[in-house]
Ligand SMILES: C[S@@+](CC[C@H](N)C(=O)[O-])C[C@H]1O[C@@H](n2cnc3c(N)ncnc32)[C@H](O)[C@@H]1O
């Protein structure tokens, strides 16, 4: 998932990319952000895309910095949310070796650490930490590997969406998929995407110097995984992980 991918998808972002804000029916993410919001503080939205979280954060923080690797996404966000005068947009690649030093009281990063590349993810985590002041707050949302495997297991056992007719990969593709899955990388819409285990997230954030306060499921309808989910399929629903953490 490179810059070119996100630039290409920008014009059709609304139809192509899963909307976490809309699908978080209980508003758990917004509530987590509200728990540390202050009109005296600043926040950075890392991987803001077309700015869906701007209307949530701009009214409750003094200053908002919205960053993304895609300049097209940033342009769309800036045009759509021009009424919020306290938002500043900047193109930053969170996987670049070096980025400009800047500090905020809080950060959100919602389904943006998705790259299959471990070196790029390492840089992403390092820069995310560097954006926060001491005791700064973080709300991080990432795809769950447990949830993804759970969906696969259900699909195979009950042949959901004719899973039994899926053609298994062969040759190089099979080898790369095997390497990927060992590292928690599995496809979303044919794009290799990093998925995280709860324990992995906890460890990664602790090693970055965070105190992890809460790890919660953000649950979605089964229709987000399957075209024809069996009627009996209820709980547990598919989920992303949301982490609420504070830098020590
Ligand atoms: C799935 S979208 C999520 C957007 C938004 N946070 C939301 O919840 O609606 C992921 C975003 O992360 C951005 N992104 C991916 N890799 C990035 C990187 N290395 N640096 C900055 N932004 C990145 C993409 O351009 C894309 O806009």
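Quick look at the values:
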{"item": "Filter result (surrounded by 17 or more Cβ atoms within 10 Å (Cβ to Cβ), in a loop (DSSP other than H, G, I, E, B) and within 13 Å of the ligand (Cβ to nearest atom)) within segment 2-40", "result": "17, 24"}
{"item": "Filtered residues of segment 91-107 (kept if surrounded by fewer than 15 Cβ atoms within 10 Å (Cβ to Cβ) and either more than 10 Å from the ligand (Cβ to nearest atom) or closer than 20 Å to residue 13 by Cβ (or both))", "result": "91, 97, 98, 100, 101, 102, 103"}
{"item": "Strands (runs of 3 or more DSSP E) lying entirely in segment 41-93 (those with 2 or more residues that are under 17 Å from the mean Cα position of the chain (by Cα) and at pLDDT 95 or above)", "result": "42-46, 63-68"}
{"item": "Residue satisfying all of: in segment 22-36; touching a helix residue (DSSP H, G or I) at 6+ places or on another chain (Cβ under 7 Å) and without any contact (Cβ under 8 Å) to a residue 40 or more places away in the chain; nearest to residue 141 (Cα to Cα) among these", "result": "30"}
{"item": "Pairs where the first residue, in segment 106-130, is under 14 Å from residue 207 (Cα atoms) and at pLDDT 95 or above and the second is more than 11 Å from the ligand (Cβ to nearest atom) and not in a helix (DSSP H, G or I), C-beta under 6 Å, 6+ apart", "result": "125/208; 129/208"}
{"item": "Test: residue in segment 137-158 that is surrounded by fewer than 20 Cβ atoms within 10 Å (Cβ to Cβ) and at positive phi", "result": "no"}
{"item": "Pairs with Cβ under 7 Å, 6+ apart, first in segment 3-20 and touching a residue at least 12 places away in the same chain (Cβ under 8 Å) and more than 23 Å from residue 221 (Cβ to Cβ), second in a helix (DSSP H, G or I) and near the ligand (Cβ under 7 Å from one of its atoms)", "result": "6/73; 10/73"}
{"item": "Segment 51-63, subset farther than 13 Å from residue 82 by Cβ and touching a helix residue (DSSP H, G or I) at 6+ places or on another chain (Cβ under 7 Å), residue nearest to the ligand (Cβ to nearest atom)", "result": "52"}
{"item": "Long-range neighbours under 6 Å by Cβ, at least six apart or interchain, first residue under 19 Å from residue 221 (Cβ atoms) within segment 132-157, second modelled with pLDDT under 95 and assigned to a helix (DSSP H, G or I)", "result": "155/163"}
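The values are calculated or read from the model by the stated rules, or taken from the named source; none is laboratory data. Here the structure is a predicted model, which means the values were calculated and not measured. Positions of Cβ are backbone-derived with ideal geometry, glycine not excepted, and every protein chain shown enters the neighbour counts.
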